[in-house]
Amino acid sequence: MARVENLPSTIRDLARRQDGVVSVAQCVARGVGADAVERRARTGQWVRLHRGVYVTHAGRPTWRAGAWAALLLAGTGAALSHRSAAYVHGIVRDPPRGIEVSVPEPRRVTAVRGVVVRRSRRLEVTARGGLPVTPRGPTVLDLVDHSRTTDDVVGLLTSAVRAGVPAREVLDALRRRPRARHRGLVTDLLGEVGCGAESPMELRYHRDVERAHGLPRSTRQVAQVVGGRWIRADAVYVGLGVRVELDGELAHPGGRTVADTWRDNAVLVELGEITLRYRWHHVRVTPCLTARQVAQALRSRGWDGVTRRCTPTCAAR
């Protein structure tokens, strides 16, 4: 908590709201002149964080104090964005080293060390923990736009879902951004079920792995009692002793669990069936390699079919 007890009464409440950080302009507007601010800085009572922005004590500034300093530097209407906003929303666990803020596009802010300023045509601002930030949905899409790989996008959306961000907030923001990157993947992950990735992942598996490569059609969502427990398989190749489990990371954020291991072992011991387990990367990014492995498992159990290439460079055969 910012130490504000010894501040002039005219700016005490302001400093308390801003984690001990104030700007010279704010002080002047409240009757504390620029010379008085400079005098406190010279005597070590206050510490200058950026030009015209000070923390009103001599201790080490907190991350929130640094965030306020960046916001005051950026000016009216600025908001924490990208990883800084994601940290405030709880989407990422670790505070970013640099503070990222966004400002309305016409404005230009001189860059300073430790602060990244981005301009936005349609800047949306809300409040979280007293800090002005971009809302959760736009924040997720801002990070998606900067994600390099499919796995990065899936990992980010996983973190967002685990942090309690409703799928509809991300999808609503996506509809307002016709040029958003990775929109197909975001829609696949969130759009069809609104609360996880299992259903879209299953659709992709049956389309891009099975049908595209001439594999036999599996039976979906098979429920059975094994070891005295009801279990459900995403895809079962009936009569061939092979089943597939699809672990969408949004629905299964830690990957393989103790329950998964028990189920796979029980299926093998009691039913004599092979369980193949795939995640989003295997289905969306490498469906041809996945199809080849499924075909190998099926052939080991008696399937005599032939896979087909989905493209001239397909790796399924």
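Under 7 Å between Cβ atoms, at least 6 apart or on separate chains: pull out the pairs that start in segment 83-97 with a residue that is polar (S, T, N, Q) and end on any residue that is in a loop (DSSP other than H, G, I, E, B).
That search, which allows pairs on different chains as well, returns Ser84/Pro96.
Condition first: touching a helix residue (DSSP H, G or I) at 6+ places or on another chain (Cβ under 8 Å) and either over 18 Å from Ala67 (Cα atoms) or not assigned by TED's automatic domain parsing to the domain that holds Gly77 (or both). Now tell me which residues in segment 108-138 satisfy that.
Gly137, Pro138
Give the number of residues within segment 105-124 that are closer than 17 Å to Arg51 by Cβ and among the charged types (D, E, K, R).
3
Across segment 43-59, what is the total count of residues that are among the charged types (D, E, K, R) and assigned to a strand (DSSP E or B)?
First, pick out the residues of segment 43-59 that are among the charged types (D, E, K, R): 48, 51.
Imposing the further condition that a residue be assigned to a strand (DSSP E or B) reduces the set to 48.
The qualifying residues number 1.
Looking only at segment 293-310, filter to residues that are in contact with a helix residue (DSSP H, G or I) (Cβ under 8 Å, 6 or more places away or on another chain) and either of a type outside the set (A, V, I, L, M, F, W, C) or modelled with pLDDT under 90 (or both); which one of those is farthest from Arg243 (Cα to Cα)?
We begin by selecting, within segment 293-310, every residue in contact with a helix residue (DSSP H, G or I) (Cβ under 8 Å, 6 or more places away or on another chain); these are 294-295, 303, 305, 307-310.
Among the residues that remain, those that are also either of a type outside the set (A, V, I, L, M, F, W, C) or modelled with pLDDT under 90 (or both) are: 305, 307-309.
Values: Gly305: 17, Thr307: 18, Arg308: 21, Arg309: 22 Å.
Out of the qualifying residues, it is Arg309.
Could you tell me which numbered condition Ala15 fails, if it satisfies all but one of (1) part of a strand (DSSP E or B); (2) touching a Ser or Thr at 6+ places or on another chain (Cβ under 6 Å); (3) not basic (Lys, Arg)?
(1)
Just one of Ser84, Ser9 is surrounded by 22 or more Cβ atoms within 10 Å (Cβ to Cβ) and out of contact with any Cys (no Cβ under 9 Å at 6 or more places or on another chain); which is it? Write out each step before concluding.
Numbers: Ser9 fails: surrounded by 22 or more Cβ atoms within 10 Å (Cβ to Cβ).
Testing whether each residue is surrounded by 22 or more Cβ atoms within 10 Å (Cβ to Cβ) and out of contact with any Cys (no Cβ under 9 Å at 6 or more places or on another chain) leaves just Ser84.
The values are calculated or read from the model by the stated rules, or taken from the named source; none is laboratory data. The structure displayed is predicted, hence computed values, not measured ones. Note: ideal-geometry Cβ built from the backbone for every residue, glycine included; neighbour counts use all protein chains shown.
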